[in-house]
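Notes follow once the structure below has been shown.
The values are calculated or read from the model by the stated rules, or taken from the named source; none is laboratory data. What you see is a predicted model, and the numbers here were worked out from it, not measured in a lab. Neighbour counts are summed over all protein chains in view; Cβ atoms, including those assigned to glycine, are modelled from backbone coordinates with ideal geometry. We work out accessible area using only protein heavy atoms, side chains counted, and drop any ligands, DNA or RNA first. Shrake-Rupley method; radii C 1.70, N 1.55, O 1.52, S 1.80 Å.
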Amino acid sequence: MSFDPFDIQNALPIINEDSEFFPLMSSEDEEEMNNEQMPEVLSILPLRNTVLFPGVVIPITVGRDKSIKLIRDANKGKRMIGVVAQQDVAVEDPAFNQLANVGTMALIIKMLQMPDGNTTVILQGKKRFLLREEVQSEPYLKATVESFKEIKPKEDKEFKAMVSSIKDMAMSIIQLSPNIPSEAGIAIRNIESTSFLINFISSNMNADMAAKQRLLEVANLRERAKLVLEHLTLDLQMLELKNQIQSKVRIDLDKQQRDYFLNQQLKTIQEELGGNTPDLEIENLRTRAAKKKWAKEVGDHFNKELEKLVRTNPAAADYSVQINYLELLLDLPWNEFTTDNFDLKRAQKILDKDHFGLEKVKQRIIEYLAVLKLKHNMKAPILCLVGPPGVGKTSLGKSIARALGRKYVRMALGGIRDEAEIRGHRKTYIGAMPGRIIQAIKKAGAANPVFILDEIDKVGNDFRGDPSSALLEVLDPEQNSTFYDHYVEVDFDLSNVMFIATANSLSTIQPALLDRMEIIDVNGYTIEEKIEIAKNYLVPKQREAHGLKTKDITIKNDVLEKLIEDYTRESGVRSLEKKIGSVVRGVAKTIAMGDIHTPLVTKKELEKILGAPIFDKDLYEGNEVAGVVTGLAWTQVGGDILFIEASLSPGKGRLTMTGSLGDVMKESTSIALAYLRAHAKDFNIDYKIFDQWDIHVHVPAGATPKDGPSAGVTMLTALTSAFTQRKVKPHLAMTGEITLRGRVLPVGGIKEKILAAKRANIKEVILSKSNRKDILEIKEDYIKDLLFHYVTDMREVIDLALLDEKVDNPLDLTVKDELKPVMN
């Protein structure tokens, strides 16, 4: 057996393709192959488009990473592998259960690295096997196998006649087919082994992969020969019929005559079937174009492309591409707008009905609508709603579209990495299509929809381009009037589209893109707002979704507050809606089962349905210990209180900070201690104490990371209380940043912090004078029982926060004189 490495591309298949090399197997080779031992475990190479038979030598081009790894590992060892056809050729990485049950043990004869970079391996089939169990899946498949025994028939006259017929038919097919070289007949005539002859023809005959796999799985050689004979008979009949038809219709026609003749036939067939002829299609395009309101440049471009279509052969592949392009141009809403509803009170009513709170967003929409009512050609604003998940940013877009009377489209940007998703592909590419911006405008059917760009902070980029850079043109009011899509090839006006982007964070948005948008912060909801949302929106929604009536369930505000505080921790209301759904389902089950039911859901019933509370609420704990001060913190799920603890122990003035504090919070502690040292006299503290007592500052909930400058005033108050042993004013909390000069600076998250203070039974709050404006934005009903102290200097904080009264059992902080060594 021999092969020419330069002709391996021609080794498949020999009965219906060109071939110049035919590896043959002698009787000695077959006997040696049959005596070869089958290993218990084989590395499995899945084949996508062919089946390997015992004795047959075929080249395989290996492309998958797993397959390349398998071939290289096997080639370094005994060079024996298992070759199995995969059931579905479309699967890129088939699992064990996606392979055929019967495969062929193969010997790697040679591995070649081709000039185009591909790896080609020459395999010779040895013995068939049954797949049993998967041993490993990475880095490639390995499985236990069992030998698949072949049943050889008796060499009677019938079997010999069948084999002879197979040979004769194969020779006839070779003679009738102009694509198969005559050398193929020589190879078949020289094969001595009946088994190898059947395998050789089975491997190379014109049959699909499934048919070849069925042949491989037939154990009885007589049955396999019979199936091969049936396939060859069908192939021979098809070849004879094809040759007969070609001989009848062979006429010398030049190309123009042939094209004209075929086009006329095609037109006649289409008319008979009732379909549109090319002429009728073109006329329909002209009629639709006459009704469009597009600019002259667009109309000229359309007519030019239409003339190109007229000159194109309807049978050509470009014809359908051109038809699709022209139909897209006609489907786009050129200068077609929906009429805006300028009833501002109606718009306000719709926005208030759909969403509670979010006053800044609603005010901005009403302002836009008011200006548009006075000046009809105003460019649409480009808004970016930034806030935590679940606060209603995306759903707000639908309400805005409904309030304005516009169409609504949404484009999810999360995970987009290809610039062509925004700008489209050029028509020269196979399967080209417009970008998603143009597709969404086409779907809307109007040139002024409300367009939601969802999750704009999660746009990615890679070697295919940067989509966020492509969005720069879309979101620039000075540029988007001439937005250019690669597929459309003419400018489209997006200036009337109201773009509303949503994001959870601004940190991942490109600065140039951020600069083009009007940022509106959508903060998390307060407990009070969540109660209103649950009462007016979520409970009725869940009640209707579960088939209950208004009289069937009642949840009062105190129960809703317990549900929010004890069972959810979020800025939005998604988890709250799920918990309310659980409560409603519990009531629905009680009603459906006919149990005794009272519509009012109590706190006890709430715990029965939802189980024990998941979260604990921090409450004010008193002022009996020096150095413990209540601070206010902002979290992603709202405001909270935290306790700053400062304690002293004899030492050398070392400062220890614990509680998972971030760098900024540690710096606030150092600033507070430095200020206290510098102004110790102002607070009646002997400066020598700082060198004789170690200081430990701790913030409870040690596993929770904490950071930010807003605990500065709290740190200084705690340290001052510890060093003076004075009590902290009861039911007092504070927040604010400090400087080394003792200035109190404003901080953020005031609304959430103040509401957390109220929930924690705080009565008085100290904060920077500059934060007064934030207090004015909070509804008076939420803060009517709180007293606010606005300060500018740390001395004011100490005077307000610390009482003259000492704590019970105060530390003895008397300064001890240092012992001086006696000199002789």
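What size of dipole, in debye to the nearest 20, comes out for the stretch 66-125 about its Cα centre when the only charges are +1 on Lys and Arg C-beta atoms and -1 on Asp and Glu C-beta atoms? Present the calculation step by step, with values, prior to reporting the outcome.
Details: 7 positive and 5 negative charges, 89 e Å.
Value, rounded to 20: 420 debye.
Taken over the stretch 444-507, the convex hull of the Cα atoms encloses 104 Å³ per residue. A simple charge model with +1 on the Cβ of Lys and Arg, -1 on the Cβ of Asp and Glu and nothing else charged puts the dipole of the chain at about 2160 debye relative to its Cα centre. How many angstrom lie between the C-alpha centres of the stretch 751-814 and the stretch 651-686? The distance from the Cα centre of the stretch 751-814 to that of the stretch 651-686 comes to 21 Å. Contact order for the chain, expressed relative to its length and based on alpha carbon pairs under 8 Å spaced 6+ residues apart, stands at 7 percent.
Between 0 and 90 degrees, the angle of helix 317-331 with respect to the longest Cα principal axis of the chain falls at about 30 degrees. Net charge dipole, the stretch 459-609: roughly 1640 debye, given to the nearest 20, about the Cα centre with Cβ charges of +1 for Lys and Arg and -1 for Asp and Glu. Computed over all pairs of different Cα atoms, the Kirkwood value for the hydrodynamic radius of the chain is 35.8 Å. Taking 20 Å as the straight-line reach from the Cα of Lys549, the lysines in range (excluding those fewer than 8 positions away in the same chain) are Lys535, Lys541, Lys578, Lys579, Lys589.
When the helices of the chain are scored as -39500 (n - 2.57) per DSSP H run of n ≥ 4 and the total is divided over every residue, the value at 222 nm lands at -12000 deg cm²/dmol.
Can you give the percent of C-alpha pairs in the stretch 628-711 whose distance is more than 18 Å? Could you put the intermediate results ahead of the total?
Working: 1587 of 3486 pairs.
I get 46 percent for the Cα pairs in the stretch 628-711 exceeding 18 Å.
The residue list Leu42, Ile365, Val459 was ranked by how far each Cα lies along the charge dipole of the chain toward its positive end, using unit charges on Cβ atoms, and Ile365 comes out on top. Computed with a 1.4 Å probe on the full set of protein chains, the accessible area for Asp785 sits at about 110 Å².
Which order do the peptides 384-393, 97-106, 155-164, 348-357 come out in when sorted by mean C-beta neighbours inside 10 angstrom, highest first? Mind showing how you got there, number by number?
Working: 384-393: 21.6, 97-106: 20.0, 155-164: 12.1, 348-357: 17.5.
My ranking of the peptides, most packed first, is 384-393, 97-106, 348-357, 155-164.
Annotation: peptides 65-71, 508-514, 567-573, ranked by per-residue average of other Cβ atoms within 10 Å with the highest first, follow the order 567-573, 65-71, 508-514. Pairs of Cα atoms in the stretch 307-356 fall into 10 Å distance bins, from 0 up to the last occupied one, in shares of 19, 24, 15, 14, 14, 13, 0 percent. The peptide list 778-784, 656-662, put in order of mean Cβ contacts within 10 Å with the highest first, becomes 656-662, 778-784. Can you tell me the orientation of helix 359-374 relative to the chain, as the angle in degrees between its alpha-carbon axis and the longest Cα principal axis, to the nearest 10? So the helix axis and the longest Cα principal axis differ by about 70 degrees.
Helix 255-273 axis versus longest C-alpha principal axis of the chain: approximately 70°, rounded to the nearest ten.
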